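Read through the structure below, which is laid out as structure tokens, and then see the notes.
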Ligand SMILES: NC(=O)c1ccc[n+]([C@@H]2O[C@H](COP(=O)([O-])OP(=O)(O)OC[C@H]3O[C@@H](n4cnc5c(N)ncnc54)[C@H](OP(=O)(O)O)[C@@H]3O)[C@@H](O)[C@H]2O)c1
């Protein structure tokens, strides 16, 4: 069987998702469970459903992780009318799943879609609580049992939905409409790769009890199991109950799934993975798209990245069909086997001894192989033996055949009987096994605590058909000295078993090699692209600056910087850890605080949510910190979701050269980079008008590319300040958290004992006054006395809480692009009769005039205008992370005033201060 099929490439490199949250209706009143949604793809899916007002159960094993995810999702969709609820779920312990379902059904009577998303790719050898191989146990058995127990709720929901639909639309035949209730089984491309030809799940030792398989094989097989269950569920349950059952491959995604894999594997995976939200779109499509109907699923078709329906590998049709229909009944056999593993009487008994397919004692002897399976067998046996009364037990362990001998161990004994008999057994009972009578009698032999002693407990054969296994009490498992394995029907003869295992091993090896080859090829392509990036970057391509006569910077190629220096600056900017050039040190980013800012839109969505704008001149020294931080933030938010626009001019120090040279690197990131150089010199002539022109030039690409930027875009405009990544992200965070139209930092100068607030020229409080009083003689002696006449602002400022202002800029600001793209607001100089107060203040005034008056200052963000002063300021005023995001700290809100102050203080010159109507010249 070849593991490559024709759709492999399109699954690896899928087109962009077409079915997104914008494609779905309001989900108010709909209930969803997403398993494993505290992280990765599941979390992104929960975010999508919640953003459309769905009620989403975050089913996870860790409450702390789930609550943190809930907080994060809630923050990203503050206007949602949906709900997010934690549901405790541990798929690695089958006996706990009933409680999970009871918890859910105690709170909800309906369930619209069960997204079976949780999964592990596990490198270790630990087994689940019931002793199953971890992938099989979590990805398949736990998932199966959860689905099974939730099926009555799903079926009731399907009936209710159908009835409601029929009431609304009149008589309609059951099952023809709706498809509203679904079970989505998240498999993987590995399902097609690892499925046995025509059979699907290979049934020789699915639990890897006697077969050693590499972790990747075990993961792959578990995903085959997901597909098989989806198909069989559709057949057995779905059609009858009106529940659509669909399997999918979510795509290759940059989630935590690969966390346990080796470095090289993770590296390779990184090269071919997409942001998790894309996988969430695949699941969203499977769960909600009207294209997914009862007729189009059931295993024949499945869903591939990032939301398309495609037929499954052709030969797997045989696994779906029964033998009577000419198929192999592969899925049905696996389903039956699964049912056996999750039988409640096995799960909730104190002793559960699984049915094993094993040879008769006459043909093969076996014993525990402690040496070969080492610690895993030990752990498993220990987990088995440490149970006390009321806990679950299971005997088992890996074993291998040995030369015939007259002894058997207790573990072998366990394999020689049917669970039917054993689970009913009580101490001193006698049970019937096959043709033999099994006497459960008291014995003196306690199960020893360690596997070695466990394996050392010999059980002798007896010729008479009365084998005896003893349980003396529920806390102590004991065996008598002898028994005879009953004549159970061997599934395979010894030689067939040998051959079967050998064949499986060969097939698995082939699949592994093939899988590894494909990964290696992909890696090779990726590495080639990576190492030739510089050459690639030189290739002609549609230029972001095409047609712009100012493309070549005035300062470029003027020899200001040697090639070595140029490269050093570029390297310092691109590599946050670079130490060659000096820069202000910044704290480590708090990822959890800012994760919600990462856009949840697909990679190829043309819209760019973040637009960074800078006007720079002659500020080479600050570039490593300033642009380095911007690049770090861009990397964090997703390079393809950000654009950077820099306007530079009059920089004899080589600033322009460095910024020009950055283009290659930013293209590779890949971030949209607009770079312009200009001769406009604001130090001569009408300063405010020129500064306004420069700012508008930086914003111009937004207006030139309306497909990429919209009212939803956030602009981050930064002066030539020493800024840390956390400063930028805090401004973005507060803009979202406060629902602000604009947030500004605090900029400072004159660092002494009392640093001085710098932007007094522009900033005005909600009382219309400047932040500190400047008398007519121009003295800044009162600069320490901030908000001297505004107690509310003063109190919030001193406790580092954001507060509303009429206008601000203060070195850096984050604001909505809506007024720029929709209302044609732009930076401008003062009109006739208008206070000439600086283009940012006029910009804020125009924001108010257009209804964007939620402008806030964020005092936790302190900025200086060089690396040295930046550090001094931060030492004096504190780094942003010192004031925000502490454990237990709740972010503040602002009670927005919707009316601006009636009058604003105008200070065109210190000696000419007067008050002017806030909307002077705009009325
Ligand atoms: N990422 C890919 O490239 C890729 C490709 C194909 C298929 N898939 C499938 O996509 C699904 C989502 O995976 P992902 O990529 O988002 O990986 P992930 O980031 O590792 O997320 C897996 C989720 O499953 C949960 N989980 C693990 N063991 C569990 C257990 N015993 N009980 C309950 N929950 C458990 C994890 O919880 P913890 O955080 O507590 O561990 C986590 O929430 C998986 O089924 C995976 O097999 C992923």
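Okay, here's what the table says:
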| quantity | calculated |
| --- | --- |
| Residue within region 119-132 that is within 14 Å of the ligand (Cβ to nearest atom), assigned by TED's automatic domain parsing to the domain that holds residue 190, touching a strand residue (DSSP E or B) at 6+ places or on another chain (Cβ under 7 Å) and within 20 Å of residue 283 (Cα to Cα) present | yes |
| Filtered residue count, region 864-884, keeping only those that are assigned to a helix (DSSP H, G or I) and farther than 23 Å from residue 895 by Cα | 13 |
| Any hit, region 618-630, residues being assigned by TED's automatic domain parsing to the domain that holds residue 695 and free of Cβ contacts under 8 Å to residues at least 40 places away in the same chain | yes |
| Test: residue in region 39-56 that is away from the ligand (no atom under 16 Å from the Cβ), in contact with a strand residue (DSSP E or B) (Cβ under 6 Å, 6 or more places away or on another chain), assigned to a loop (DSSP other than H, G, I, E, B) and in the same structural domain as residue 289 (by TED's automatic domain parsing) | yes |
| Filter result (more than 25 Å from residue 164 (Cα to Cα) and within 14 Å of the ligand (Cβ to nearest atom)) within region 12-33 | 12, 13, 14 |
| Criterion: more than 16 Å from the ligand (Cβ to nearest atom) and at pLDDT below 95 - qualifying residue of 254, 214 | 214 |
| Some residue of region 870-882 being over 18 Å from residue 583 (Cα atoms), touching a helix residue (DSSP H, G or I) at 6+ places or on another chain (Cβ under 8 Å) and either assigned by TED's automatic domain parsing to the domain that holds residue 619 or surrounded by fewer than 19 Cβ atoms within 10 Å (Cβ to Cβ) (or both) | yes |
| Residue check for residue 855: assigned by TED's automatic domain parsing to the domain that holds residue 773, within 15 Å of residue 804 (Cα to Cα) and modelled with pLDDT of 95 or more | yes |
| Residue match in region 309-319 (condition: under 14 Å from residue 179 (Cβ atoms), under 29 Å from the mean Cα position of the chain (by Cα), crowded, with 24+ Cβ neighbours inside 10 Å and at pLDDT 90 or above) | no |
| Pairs where the first residue, in region 29-40, is closer than 16 Å to residue 107 by Cβ and the second is assigned to a loop (DSSP other than H, G, I, E, B) and near the ligand (Cβ under 6 Å from one of its atoms), C-beta under 9 Å, 6+ apart | 33/89; 34/117; 34/118 |
| Residue selected from region 88-118 under the condition within 10 Å of the ligand (Cβ to nearest atom) and in a helix (DSSP H, G or I), by the criterion surrounded by the fewest Cβ atoms within 10 Å (Cβ to Cβ) | 96 |
| Verdict on residue 754 being in a loop (DSSP other than H, G, I, E, B) and without any contact (Cβ under 8 Å) to a residue 60 or more places away in the chain | yes |
| Leading residue by the ranking (surrounded by the fewest Cβ atoms within 10 Å (Cβ to Cβ)) among those in region 71-87 that are over 23 Å from residue 182 (Cβ atoms) and within 16 Å of the ligand (Cβ to nearest atom) | 71 |
| Criterion (modelled with pLDDT of 90 or more, surrounded by fewer than 18 Cβ atoms within 10 Å (Cβ to Cβ) and in contact with a helix residue (DSSP H, G or I) (Cβ under 9 Å, 6 or more places away or on another chain)) met by exactly one of 236, 259 | 236 |
| Matching entry among 701, 706 (being crowded, with 17+ Cβ neighbours inside 10 Å and assigned by TED's automatic domain parsing to the domain that holds residue 630) | 701 |
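Quick grid of which residues meet (1) in contact with a strand residue (DSSP E or B) (Cβ under 6 Å, 6 or more places away or on another chain); (2) part of a loop (DSSP other than H, G, I, E, B); (3) surrounded by fewer than 17 Cβ atoms within 10 Å (Cβ to Cβ):
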{"residue": "577", "(1), (2), (3)": "no, yes, yes"}
{"residue": "587", "(1), (2), (3)": "no, yes, yes"}
{"residue": "593", "(1), (2), (3)": "no, no, no"}
{"residue": "607", "(1), (2), (3)": "no, yes, yes"}
{"residue": "623", "(1), (2), (3)": "no, no, no"}
{"residue": "633", "(1), (2), (3)": "no, no, no"}
{"residue": "636", "(1), (2), (3)": "no, no, no"}
{"residue": "659", "(1), (2), (3)": "yes, no, no"}
{"residue": "683", "(1), (2), (3)": "no, yes, yes"}
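Residue by residue, here is whether (1) assigned by TED's automatic domain parsing to the domain that holds residue 909; (2) surrounded by fewer than 24 Cβ atoms within 10 Å (Cβ to Cβ); (3) under 33 Å from the mean Cα position of the chain (by Cα) holds:
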residue: 670; (1), (2), (3): yes, yes, yes
residue: 693; (1), (2), (3): yes, yes, no
residue: 727; (1), (2), (3): yes, no, yes
residue: 765; (1), (2), (3): yes, no, no
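Results for (1) farther than 23 Å from residue 612 by Cα; (2) in a helix (DSSP H, G or I); (3) touching a residue at least 24 places away in the same chain (Cβ under 8 Å), shown as yes or no for each residue.
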site: 787; (1), (2), (3): yes, no, no
site: 796; (1), (2), (3): yes, yes, yes
site: 824; (1), (2), (3): no, no, no
site: 827; (1), (2), (3): no, no, yes
site: 832; (1), (2), (3): yes, no, yes
site: 835; (1), (2), (3): yes, no, yes
site: 852; (1), (2), (3): no, no, yes
site: 858; (1), (2), (3): no, no, yes
site: 862; (1), (2), (3): no, no, yes
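The values are calculated or read from the model by the stated rules, or taken from the named source; none is laboratory data. Just so we're clear, the structure is a prediction, and the values are computed from it rather than from any experiment. Neighbour counts are summed over all protein chains in view; Cβ atoms, including those assigned to glycine, are modelled from backbone coordinates with ideal geometry.
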